[in-house]
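This report concerns only the one structure given below.
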Amino acid sequence: MEMTIPFAERQTSYYQENDAFSVKANPHHHRLYHVEFNTDKLEQFFKETTHVNPQNLEYVPYMRFILSQKLASIFGPSLPEVLRAILLDRTSGGFTVGVQGLTTNCDDYVKFGTAVSHLIGPGNFDSMSGTYYARFLVKDTDNSDSYLRQAYRLFTLHTDGTFVDDATDWLLMMKFSEQNAVGGESRLLHLDDWEELTRFATNPLGSYEFTYKSPPSKNVEQVIKRRTFFKQNDKYCICYIDQFVQPETIAQAEYLHDLSASMENSTGTAAIPLPVGDLVMLNNLFWLHGRAPFEKNELLHRELMRQRGMFSYA
């Protein structure tokens, strides 16, 4: 269900409007901001980066930051400052932004998403794709070994990076294309909107180091030990996905089952739409995300891009 939060209860700390961009409320979630760029300047960004292609970005890591620098030079130094501030702010931790209909070229989408994300920090290697981002299809039939591509299942709430060594501070998801899709909205839960956070975080199993193993499609053979809950700035954070955590006892399984059920049924869990060409960027430490099931359609087609990475403090 989509949140219906009065405008007065939305986050407003980073509202601004200048000649380059504006920051306002996301209309579908009270904690998220929405960024809109000046279209002339956005066109300038695409024109001045025509020589950059995804292969260049994949093969030469510093080009990802050069692309970000170009975005910042066009829109001003306050852009990276405000985007970083939003993501680090516990009361929000997320925003949406898009290409505003200026392009439907997937290479442009990769460049745009990369430019935005690398204003925040480096992207992690994604073993599923073999580079720093992953593009994947959701369609009518799929033989996947996880819920990621299975269109008609609830993709349960989780955080990314549970089964890798890299810190996974932020997550970016961008919609490339969509046809014949009903349902499938992004489902989001901010930890501070979850009524039973304290109950599960203070349970002794909340700090137990569970084993995480990924399925074959992830191309990761590591076995990782993770605490479900930990604190940053004296606030609870979470690292969790139900599909890959390996309980050792019935009591542990019951705890994990009840944890997932509580989050899925929380009144704080909300479904939000994401238009083609838009992305959502979240602080992965205190936001959980998932996906609502699609309605059955043999012609269903959706393509998404995922990036995830670390905050840069240099």
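All of the numbers you see were taken from the coordinates with simple rules; none came from a lab. Small disclaimer: the values here were computed from a predicted structure and weren't measured. Note that each Cβ is placed from the backbone with ideal geometry, even for glycine, and that neighbours are counted across all protein chains shown.
Please state, rounded to one decimal and in Å, the Kirkwood hydrodynamic radius that the chain gives when every pair of distinct Cα atoms enters the mean of 1/r.
Computed over the chain, the radius equals 20.1 Å.
For the chain, what relative contact order do you get, as a whole percent, if you take Cα pairs closer than 8 Å and at least 6 residues apart?
27
Consider all pairwise Cα distances in the range 259-301 and report the whole-number % of them above 16 Å.
56
Mean residue ellipticity at 222 nm from the helices of the chain, using -39,500 (n - 2.57) per DSSP H segment of n ≥ 4 over the full residue count, to the nearest 500 deg cm²/dmol?
Calculated mean residue ellipticity at 222 nm is -7000 deg cm²/dmol.
At most 11 other Cβ atoms within 10 Å and a DSSP loop assignment: could you name the GluC sites (Glu not before Pro) in the range 247-279 that fit?
Filter output for the range 247-279: 248.
Classify the range 76-169 as rounded, prolate or oblate, taking a ≥ b ≥ c as the square roots of the eigenvalues of its Cα gyration tensor: rounded when a/c is under 1.5, otherwise prolate if a/b is larger than b/c and oblate if not.
prolate
Once the Cα gyration tensor of the range 10-135 is diagonalised, what are the square roots of 5 times its eigenvalues, in whole Å and ordered largest first, as equivalent ellipsoid semi-axes?
24, 17, 13
Against the longest principal axis of the chain, how steep is helix 62-75, in degrees 0 to 90 to the nearest 10, with axes from Cα atoms?
The angle comes out at about 60 degrees.
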